[in-house]
1. Scan the range 616-669 for residues that are over 25 Å from C692 (Cα atoms) and of a type in the set (F, W, Y) and jot them down.
2. When you scan the range 45-63, how many residues do you find that are open to solvent by 10 Å² or more (accessible area, probe 1.4 Å) and either touching a residue at least 40 places away in the same chain (Cβ under 8 Å) or touching an Asp or Glu at 6+ places or on another chain (Cβ under 8 Å) (or both)?
3. Given L833, L840, which one is open to solvent by less than 30 Å² (accessible area, probe 1.4 Å) and either within 21 Å of Y700 (Cα to Cα) or at pLDDT 85 or above (or both)?
4. Of everything in the range 565-590, what is in a helix (DSSP H, G or I) and either at positive phi or under 18 Å from the mean Cα position of the chain (by Cα) (or both)? Give them in sequence order.
5. Give the residue that is nearest to R40 (Cα to Cα), with candidates limited to residues of the range 123-141 that are among the aliphatic types (A, V, I, L, M) and modelled with pLDDT of 85 or more.
6. If the Cβ limit is 7 Å and pairs must be 6+ apart or interchain, which residue in the range 575-598 that is under 13 Å from A548 (Cα atoms) pairs with which residue that is of a type outside the set (A, V, I, L, M, F, W, C) and open to solvent by less than 10 Å² (accessible area, probe 1.4 Å)?
7. Using the structure shown, decide if Q811 is in contact with a His (Cβ under 9 Å, 6 or more places away or on another chain), closer than 22 Å to D683 by Cα and modelled with pLDDT under 85.
8. Give me a count of the residues in the range 304-357 that are within 19 Å of T403 (Cβ to Cβ) and polar (S, T, N, Q).
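The values are calculated or read from the model by the stated rules, or taken from the named source; none is laboratory data. Computed from a predicted model, the values in this text were never measured in an experiment. Counting neighbours? That spans all protein chains shown, and the Cβs are built from the backbone with ideal geometry, glycine included. We work out accessible area using only protein heavy atoms, side chains counted, and drop any ligands, DNA or RNA first. Shrake-Rupley method; radii C 1.70, N 1.55, O 1.52, S 1.80 Å.
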Amino acid sequence: MVDFAVVAHWRQRHATERDRLIEAYLAGRRAGPLLRGLSRAADRLLRQAWLAHDLPANAALVAVGGYGRDELYPHSDVDLLILLDDTLASVEEARFEPLIGLLWDLGLHVGHSVRRLSECLSEAAGDITIQTNLLESRLLAGDKKLYANYRRDFIAHLDPTAFFEAKRLEQRNRHGRFADRALLLEPNLKESPGGLRDVQTAGWVCQAVGLPAEFPGLARAGLMSAAEARLVSARLTFLSHLRIRLHLAVNRREDRLLFEFQERLAAEMGYHAAGNQRASERLMQRYFQAARELSLINEFILGYVRERLYPDAETTPIPGQTDFVIRDNRLDIVDPELFARRPSAILDAFLVLHRQDDLSRFTPATLRALWRARGRVDAGFRRDPGNRARFIALFQQSHGLTTTLRLMHRLGILGRYLPAFGRITGQMQHDLYHIHPVDEHTLMVLRNLRRMAMPEYAHELPFAHRVMCEFERPDRLYLAALFHDIAKGRGGDHSSLGQVDARRFCRSHGLGKADAEEVVWLVGQHLSLSSTAQKQDLADPEVIADFARRCGSVARLTALYLLTVADIRGTNPAIWNSWKDKLTRELYLASRRLLEGHEPHPDQVETSKEEARVTLRLYGFPDGVETRLWQELDDIYFLRHEAQEIAWHTRRLLPLLGRHDIIVRARLAPIGEGVEVLVYAPDEEALFARICGFFAGMRYSVLQARIHTTRDGRALDTFLVMDEQSRTAYRDILSYIEYELTALLKAHRPLADIAPGRLPRQMKAFPLQPEAMLTAGVDANNWLLTVTAGDRPGLLYDITRRLGHHGVMIQTARINTLGQRAEDVFVVSGEHLAQPDTRLAIERELIAALG
């Protein structure tokens with residue numbers, strides 16, 4: 001056993017050396033010396049620990065994994081293999097246990113395995129992770145001959161082809177797990193596509209087939225140019241700096257670029273806010289650029305290794321093409337200098353790929369040639385009429401647009417052809433609901449539009465699929481999608497600024513006046529349908545009429561509807577739900593009816609009543625029985641509720657009429673998601689606030705609230721609520737809501753505070769400044785209150801309590817939740833709201849409470 005004082009001395013000396021290395025790094029900002037220095041400091045400590053124990057001579061201590069590469073990040077694990085000779089007696093293995101305990105006592109984060117030589121070879125044969133770990137190894141201490149035999153036997157047993165295929169499959173699976181996260185706002189520096197693991201994978205497969213694992217060596221071997229090797233080294237160094245800084249900031253192993261550390265890391269790495277960009281946004285833009293380029297290099301290298309392992313690929317000519325052939329089921333160029341000789345062939349390559357039904361990829365040589373030729377896409381290239389025609393032709397193909405644009409983006413060609421798109425590449429969106437940078441969100445919207453037209457995805461959005469299949473000239477829609485967010489990050493209204501870019505593009509690319517105006521109009525109006533559907537009363541004929549007039553034609557309305565659905569779903573999949581589907585579809589159908597020359601609401605009140613009567617008869621209610629309830633309801637009620645809702649209210653309330661009890665009924669929402677709750681109770685102050693407080697206590701989100709006061713002074717309120725976390729099946733909670741909410745309302749307890757839930761990390765790192773504005777409504781007695789704030793449990797309850805303090809009554813509530821951002825609209829009334837000072841006081845109080 002090693003003396004405790006000796007252990008403490010070793011530990012302190014190692015900590016001191018580690019601190020010295022980190023201080024030198026912070027002063028000089030050189031990643032390589034720090035990673036090697038930390039690795040060698042661990043080497044010295046491990047050798048001392050090994051030598052301090054009486055261990056068998058035929059054993060070795062081996063560094064593996066990242067530590068075996070002689071790279072150790074500040075809080076990475078120290079991966080070790082204790083290699084034993086097959087002749088070592090089993091009882092001798094117990095002599096290594098004190099060593100493992102000592103390593104932890106020394107403060108090392110050790111990941112270790114103990115294997116005999118034969119076990120290493122047999123276990124590695126069926127486990128790609130073990131093979132990879134053993135591929136990168138260094139002898140630290142012990143039997144040199146044993147280690148030499150291990151390296152010799154391991155390399156002899158390694159099957160390069162099987163190793164390559166296993167690593168390629170492993171990378172594909174990893175990309176599948178992290179693909180969304182890579183495009184999210186908190187990428188994993190190690191595992192995301194284009195992260196450090198992609199660089200390491202390229203090195204491993206090269207090493208397995210006998211090529212150099214380092215990029216300068218690959219340049220000497222002809223797999224890349226010296227300039228490309230320098231570029232990769234620079235991007236790799238940038239990611240290494242980020243990971244080092246992240247480990248130091250979090251003070252533990254953490255590879256996710258978390259929101260709460262992005263501003264700090266940006267400042268430490270010398271980034272500053274500029275214009276409308278935060279320092280963190282500039283840092284993340286640099287990250288996304290580096291990740292995209294490293295991902296490409298990984299693809300180049302794996303492609304070359306594949307060709308080395310499978311050299312006999314069949315080549316097939318393409319009818320009518322002299323510049324391109326099909327090789328190994330991929331598109332290949334005949335002349336390696338084609339793009340340098342004729343730059344317009346860059347777009348030809350994508351068009352040819354587009355038009356080959358069974359192809360979706362280029363050969364590695366073609367991919368690399370396109371990447372190298374990206375600089376030829378300059379102002380002259382963009383002005384060339386032929387190139388403009390080729391670019392427009394991409395949008396007119398029957399399939400492959402999404403794949404083509406994504407590939408052009410990865411290669412840096414799309415951003416060079418459309419410089420405005422290049423400026424939004426990697427542009428962060430800290431608005432609490434977008435989960436992609438602007439460029440990736442734009443491509444996601446395009447993907448969503450293309451999927452709407454494909455029969456295999458019809459089940460996702462059946463109605464939108466049917467509308468899309470009837471829509472003529474979808475190419476205009478795709479162009480509008482490409483430009484809809486292109487002006488983000490410039491300051492000002494990005495819709496209006498985007499119209500300028502879209503108009504300039506349409507004119508320069510020869511679109512007809514009508515087509516150009518439609519694209520420009522869609523870019524300018526792309527938020528209007530969503531805003532109208534979610535913030536205004538769709539039962540109001542004037543709302544529908546105003547929106548229909550804004551669209552002007554069924555074609556524009558249809559295009560806007562499709563773009564809106566694709567945009568919302570491309571923003572954040574969690575935002576799109578059956579409620580938003582219902583609202584957007586309802587606005588589209590009502591507006592379309594008006595634009596087609598029909599009356600918007602042909603005697604809507606009587607129509608709703610008659611449809612409700614039919615439903616009631618199906619449930620056995622006799623003629624005229626509904627009059628007892630309906631005579632207490634005005635036309636506004638029948639305009640704001642659908643016939644099936646009216647029938648449900650009537651069925652539940654008729655048997656209980658005449659009582660003065662509080663009635664609460666709940667059912668599964670007809671839209672297919674959530675719970676619809678009916679409250680029928682004597683109208684009183686704070687009733688609405690109490691109901692909201694109840695749902696806040698359940699951690700349920702209120703999506704819609706409709707408040708109605710009957711002629712005899714009772715409240716008939718309906719709520720649509722959802723559990724955003726899907727903790728309990730809705731069917732199991734209906735009875736609970738009916739019983740507990742009834743009991744709460746009968747108790748008439750004072751309004752209590754709701755325990756605040758945990759704020760999302762993004763909201764903490766990038767808080768949203770709340771807004772509250774009271775404006776005059778259409779009715780002289782009503783006012784419109786618009787509230788924008790970070791969403792949290794109890795938000796609606798807090799708003800209703802504050803309004804209640806001022807004697808303000810809520811008439812209707814439109815609750816619009818976008819990820820972690822709430823944009824709520826209320827129609828309110830109160831005798832003091834006519835006074836400007838009162839309105840200002842309410843706005844200030846709400847902003848203070850919601851901040």
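1. Residues satisfying the conditions are Y619, F621, W630.
2. Result for the range 45-63: 10.
3. Only one candidate passes the filter, namely L833.
4. Hits for the range 565-590 are V565, A566, D567, I568, R569, G570, T571.
5. So in the range 123-141, the residues among the aliphatic types (A, V, I, L, M) come out as 124-125, 128, 130, 134-135, 139-141.
Going one step further and asking which of them are modelled with pLDDT of 85 or more, we end up with 128, 130, 134-135, 139-141.
Values: I128: 27, I130: 23, L134: 19, L135: 19, L139: 12, L140: 10, A141: 13 Å.
Among them, the one singled out is L140.
6. L587/T532; Y588/Y561
7. Yes: the conditions hold for Q811.
8. 2
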